[in-house]
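Notes follow the structure.
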């Protein structure tokens, strides 16, 4: 175990909320500019969370806040394992656990809006999960190891062999980042009833924890995108960092130029992408790589 | 300035009115006025909202709805009555079903005049409401420190 593997997860725990705030804030500013508006300050997500913390404490039941807290903890654990260079499969599983715990929190209330939101989120998990798994499998077939550390220091950029898987990951990133056309379960923009379904019954401190969870999640997801460009050299790290930001801006553009689609479309298209780009790419690797 | 006044989320409810004020409230969201630059989010969820924006008057049917939305909002919260109907019932005042202004059922903090209220006036009203919101937040904080009575 190298020093890097200790420093990097510590940096993640400390810096991810800060970077997450800037990311979410600039997302809102860029979105506003794309709509010819001025937009809020870049630190707006931070103000929102601080305000939510100062609101009256009240939840619909005793367990909801606990589930959301667990979701946040597992999200942080996901990031820690990823940035410590740990096993990619474990990372994928804890990521899913975090998403499922948020669903359970939404299901724990009796609100029909929360239930519909949680069900739609469930469809999204069904839609993106195969592609997330193919990403891990693809990186394994490419490097011969599930360890993020081995993949990142392998000496060759995974993107050169995993272009299809990368495109598939960017596709399902729209769902993970809660952006149109696939923001069915809960959108990060101001929306009404159904589109905000999952978070309907969260308020005050609980909602603040959901926001913080998204900051951690977004930074982890960008890390996963950047991993495709890491080859152990400084150039690879710089390229990865630059391109994951570019991918995020691309997602904002998609968010602003598409209408919301039905869950059937989300499911069909995501599985088609996973099958064609994910399985196709792995098959090509096996056929030519040996 | 505290974080509460930097991130006021508002919920909008239309009572019985001609929808004139309603449209002016939505106009505040357009690029021309863009209330999001103040951190304001137009939410549909009372549990997320800090400001309750009501247009139109109260009638026998929507009184329980207004009470419920108000009850679901967490402290600190502010109620803004937009337009003359929300203030007093306006031209509908004498209708058999109309009870009058919003203050007949819930306490109102700011009254925005106009028929229809202009977007500038609505934004001005919200900014006035922020001062009251800040005072209420201090009250909530104080009562939290003192503990339950």
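All of the numbers you see were taken from the coordinates with simple rules; none came from a lab. Bear in mind the structure is a predicted one, so any value in this text is a computation, not a measurement. We place every Cβ from the backbone using ideal geometry, glycine too, and count neighbours over all the protein chains shown.
Here are a few things to note about the model shown:
- Ranked list, fewest to most other Cβ atoms within 10 Å of each Cβ, for A:38, B:104: A:38, B:104
- Sorting A:104-113, A:52-61 by their mean Cβ neighbour count within 10 Å, with the most densely packed peptide first, gives A:104-113, A:52-61.
- Calculated [θ] (222 nm, deg cm²/dmol) that DSSP helices of n ≥ 4 give over chain A, each run adding -39,500 (n - 2.57): -23500 deg cm²/dmol
- From its DSSP helices (H runs of at least four residues, each -39,500 (n - 2.57)), chain B gives a residue-normalised ellipticity at 222 nm of -11000 deg cm²/dmol.
- As a proxy for reagent exposure, ranking B:85, B:95, B:28 by other Cβ atoms within 10 Å from fewest up yields B:95, B:28, B:85.
- Computed from Cα positions, the angle between helix A:88-107 and the longest principal axis of chain A comes to roughly 10 degrees.
- Percent of alpha-carbon pairs separated by more than 20 Å within the range B:3-146: 43 percent
- Taking chain B and dividing mean pair separation by its residue count, relative contact order in percent (alpha carbons under 8 Å, at least six apart): 26 percent
- Pair-distance profile P(r), taking every C-alpha pair of the protein assembly as shown, with 10 angstrom steps and integer %: 4, 20, 28, 23, 14, 7, 3, 1, 0
- Helix A:112-143 and the longest principal axis of the C-alpha atoms of chain A enclose an angle of approximately 10°.
- Distance between the C-alpha centres of the range B:1-69 and the range A:37-81: 23 Å, rounded to the whole angstrom.
- For chain A, the longest principal axis of the alpha carbon atoms and the long axis of helix A:64-83 meet at an angle near 20°.
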